[in-house]
Each structure stands twice: as structure tokens, then as C-alpha cells.
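A short reminder: the numbers here are calculations on the coordinates, not readings from a lab. Note that the coordinates shown come from a computational prediction; the quantities given were computed from them, not determined experimentally. Note that we place each Cβ from the backbone using ideal geometry, even for glycine, and neighbour counts take in every protein chain shown.
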Amino acid sequence: MSDALLNVENLKVEYITGDSTTVAAVDNVSFSIKPGESLGLAGESGCGKSTIAYSLMRLHKPPALITNGKIVMNGKDVLNMNKKELQQFRWQETSMVFQSAMNCLNPVVTMEKQFFEIYKYHGVTKNKKEAIKLSEKLLSIVGIPAERLKDYPHQFSGGMRQRAVIAMALALNPKLLILDEPTTALDTVVQRDIIQRIFKLQKEYGFAILFITHDISLMMEFCDSVAVMYAGRIIEQGKSLMMLKEPKHPYTYGLKNSFPSLQGPLSHMEGIKGNPLNLKNIPQGCRFQDRCFRVCDKCRQIEPPKVEHTDGFFYCHDQLAYDKGGKLHE
Ligand SMILES: Nc1ncnc2c1ncn2[C@@H]1O[C@H](COP(=O)(O)OP(=O)(O)OP(=O)(O)O)[C@@H](O)[C@H]1O
């Protein structure tokens with residue numbers, strides 16, 4: 001897609017396990033993000049979300065290996081970048097906020113100095129006064145008073161530290177911000193406040209977002225589109241509103257009903273029976289067959305085809321249908 005900011009094609013990432021076999025944690029994954037757009041990547045623990053995030057930044061380390069596919073960011077082939085190109089690409093083109101990023105702040109260095117290091121390292125400025133001005137502006141946009149720049153990280157609350165890390169990730173005006181469970185370590189109220197702030201900043205500054213979380217209801221509320229992963233593959237992708245109201249894949253339906261909505265009426269939470277698939281033991285047919293409430297003979301024999309529709313696509317032999325009131329047809 002020519003108008004895409006990020007284009008991922010047939011990405012395959014394998015882990016070489018102790019017994020010299022491999023597991024494909026990410027298997028033939030393709031997606032794209034346009035400038036200023038937000039895409040959520042959802043799925044249970046172990047489905048491959050973080051592996052994708054690390055691969056996009058080329059931060060994956062052995063035993064992870066990218067064995068197939070293409071990652072093109074802003075017209076540049078990420079998998080073929082040299083060290084210098086990668087250094088520019090990270091932070092300037094794409095930056096990432098990790099789940100426990102707030103613990104990565106250096107405890108013995110003031111926030112001011114940590115910001116200054118970023119500007120110095122990436123050649124923005126070597127002038128301390130100028131760096132302080134830029135850092136104060138950044139802190140204030142994530143809701144931290146400028147005078148707190150003199151503080152050490154331990155003088156910040158957990159939420160403030162995570163917001164400071166988000167400010168750092170935005171320091172070089174990246175075109176894409178990858179958020180990998182950015183608020184999981186924080187309580188629900190702080191979590192919501194931070195996510196709201198990030199998406200407000202996105203509207204203001206126009207960067208694109210790849211938002212990774214297992215909390216699909218939070219994601220559907222904030223992202224333009226959502227991609228749902230199961231056992232290393234994207235099994236459904238579409239506009240958030242469609243995914244929220246009428247998901248076509250039984251796994252998306254189950255995932256959606258496993259989380260309480262923070263807005264709207266209380267609804268019954270169901271959960272999904274069984275456990276995530278062991279990637280060393282991929283069955284014939286559909287990967288979700290043993291946990292699916294709609295499983296049929298075909299699902300046990302033939303891999304589901306890709307079915308495209310106006311709002312996205314899904315892989316299933318038996319798509320879910322709804323009546324006019326939005327109730328699932330049994
Ligand atoms: N170091 C490793 N060695 C072998 N296999 C690994 C390793 N790290 C991850 N995996 C495999 O990759 C799969 C995907 O892991 P990944 O961390 O990307 O999932 P995730 O969806 O981000 O999970 P979570 O939500 O728990 O962070 C895991 O199920 C596991 O099989």
C-alpha cells in the first residue's frame with residue numbers, strides 16, 4: 001500500500017528453542033498503518049504481540065529470528081537498515097514505550113539530565129538551556145509540572161514515571177509510536193488517564209500509533225482499527241466500531257466478552273474456554289478449533305480462508321451473524 005506509513009508483509013519470527021526446534025511466534029503476519037492512524041493489536045498472552053513490536057524496531061534478540069517478510073517504514077526497508085540508519089530510525093521515525101519502561105529510567109540521574117542525553121545523543125542540541133526548554137514543554141504536555149524536571153525518578157509516582165517515559169518517546173517527534181502494554185503495571189484509573197492523554201496528543205501532533213494490549217475493550221474505544229491475533233496469526237482485523245458491535249470471528253467475540261467495558265451498561269463476562277495453543281503442536285485446520293463454540297468438521301480439516309468485507313477481514317469457515325438488535329444468531 002503506497003500511502004501507508006508502516007507496511008508489514010508476511011512477517012515470520014521464529015524462536016529457536018532449547019531442543020533446536022523452532023516455534024513460529026509470528027507466522028505470516030501482514031498489516032499496515034497510515035500516517036496519523038491508530039491500530040490496536042490484541043490477543044491473549046503468548047500470541048506474538050510483543051514479538052511483532054520488538055521486530056518492528058529491530059530490537060528482537062536471539063533466540064528470536066526474523067525468517068521471512070518485509071517491514072517498510074516511511075518508504076525505508078527496516079530489515080536492511082545498517083547500524084547508523086537504525087539509530088536514526090529509532091526515536092526519530094518510530095519510538096516505543098514498553099510495559100515496564102518506567103523502571104528503565106536511571107535512578108541516580110535527574111529527569112533533566114536524562115532528557116538532555118536523548119537530545120545530545122540524537123543530535124538535536126548540545127545546549128543545556130535549549131534542552132531544558134524542550135524537555136519542560138514535553139513534560140507539560142504529559143501533565144507533569146516543568147519544575148519536576150529537577151527530580152530523580154524515585155520522586156515521581158509510577159504513573160508520572162510512565163508519563164515521563166511517554167514524553168521521552170515523543171522527544172524527537174516520531175511518526176509512529178509503539179505502545180506495548182504501556183499501562184499494565186498501573187491501576188485502572190491512572191491507566192485510563194494516560195491512554196487518554198496519549199490519544200489526545202496523537203490528534204494534536206499527528207503521529208500514528210500501534211497500541212498493543214490484551215484489553216480489547218480499551219483498545220476498541222481508542223483505536224481506529226483493531227487486529228486480533230491468535231497463535232501467531234492475525235485472525236481478524238477491522239474498524240473498531242465494527243469489531244465492537246459485530247465481530248465476525250468467534251475468538252474476537254470471546255475476547256471482547258472477557259473484558260468489562262468501562263463505559264456503557266454492565267454486561268455478562270464470559271471468557272474463552274481452554275488454553276492458548278501450544279505453538280509446537282499446531283493442529284490441521286483452524287488453530288482455534290479446540291476452543292471454538294462454533295467448531296465444525298471442516299474446521300478440523302481445512303485452514304479457514306481469508307474473507308474480506310468492507311470494514312476488514314477475518315479467517316473463519318463460519319462467520320458470526322447478528323440480528324438487527326445486534327444479538328448473535330445461534
Ligand atoms: N525467549 C523465548 N524463547 C522461546 N520462545 C519464546 C521466547 N519468547 C517468546 N517465545 C514464544 O513466542 C510466543 C509469543 O510471545 P510474545 O511475548 O510475543 O507474546 P505476547 O502476545 O506479547 O504475550 P504477552 O501479552 O504475555 O506479552 C510465546 O508464546 C512463546 O511461545
Orphan Cys of the chain, criterion: no other Cys C-beta under 4.7 Å
Cys47, Cys104, Cys223, Cys292, Cys296, Cys316
With respect to the cross-link table entries Lys128/Lys200; Lys12/Lys34; Lys137/Lys203; Lys76/Lys175; Lys203/Lys248, which display a Cα-Cα separation exceeding 19 Å?
Lys128/Lys200; Lys12/Lys34; Lys203/Lys248
I'd like the Karplus ³J(HN,Hα) series for region 289-297: coefficients 6.51, -1.76, 1.60, θ = phi - 60°, whole numbers in Hz, and an x wherever there's a Gly or Pro.
3, 6, 10, 8, 7, 10, 4, 9, 4
Using Cα springs under 10 Å in a Gaussian network model of the chain, which residue among Lys273, Lys175, Lys76 shows the largest mean-square fluctuation?
Lys273
When a footprinting reagent is the concern and you count Cβ atoms within 10 Å, what order do Ile166, Ile118 take, fewest first?
Ile118, Ile166
List the residues whose amide H sits under 5 Å from the amide H of Thr22, counting only those 5 or more places along or on another chain, with H placed 1.01 Å from N in the peptide plane.
Thr17
Signed unit charges on C-beta, dipole axis of the chain, positive-most listed residue Ile33, Tyr315, Cys299:
Ile33
Per the helix-only model, the chain has a calculated mean residue ellipticity at 222 nm (DSSP H runs of ≥4, -39500 (n - 2.57) each, divided over all residues, rounded to the nearest 500) of -8000 deg cm²/dmol
Taking the Cα atoms of the chain, what is the range of coordinates along each of the three principal axes, in descending order and whole Å?
68, 48, 39
Work from the charge dipole of the chain (Cβ charges, +1 for Lys and Arg, -1 for Asp and Glu, about the Cα centre) and give the residue of Leu138, Ile282, Asn127 farthest towards its positive end.
Asn127
Springs between alpha-carbon pairs under 10 angstrom, Gaussian network model over the chain: which of Asn127, Asn74, Asn257 fluctuates most?
Asn127
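Classify region 137-192 as rounded, prolate or oblate from the Cα gyration tensor: take a ≥ b ≥ c as the square roots of its eigenvalues, call it rounded if a/c is under 1.5, otherwise prolate when a/b beats b/c and oblate if not. Write out the running numbers ahead of the final one.
Working: a/c = 1.96, a/b = 1.05, b/c = 1.87.
Taking the square roots of the gyration eigenvalues as a ≥ b ≥ c, region 137-192 is oblate.
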Name the residue from Gln99, Gly254, Val109 whose Cα lies farthest towards the positive end of the charge dipole of the chain, charges +1 on Cβ of Lys and Arg and -1 on Cβ of Asp and Glu.
Val109
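Report, in debye and to the nearest 20, how large the dipole of region 84-177 comes out about its Cα centre when Lys and Arg carry +1 and Asp and Glu carry -1 on their Cβ.
In debye, rounded to 20, region 84-177 gives about 140.
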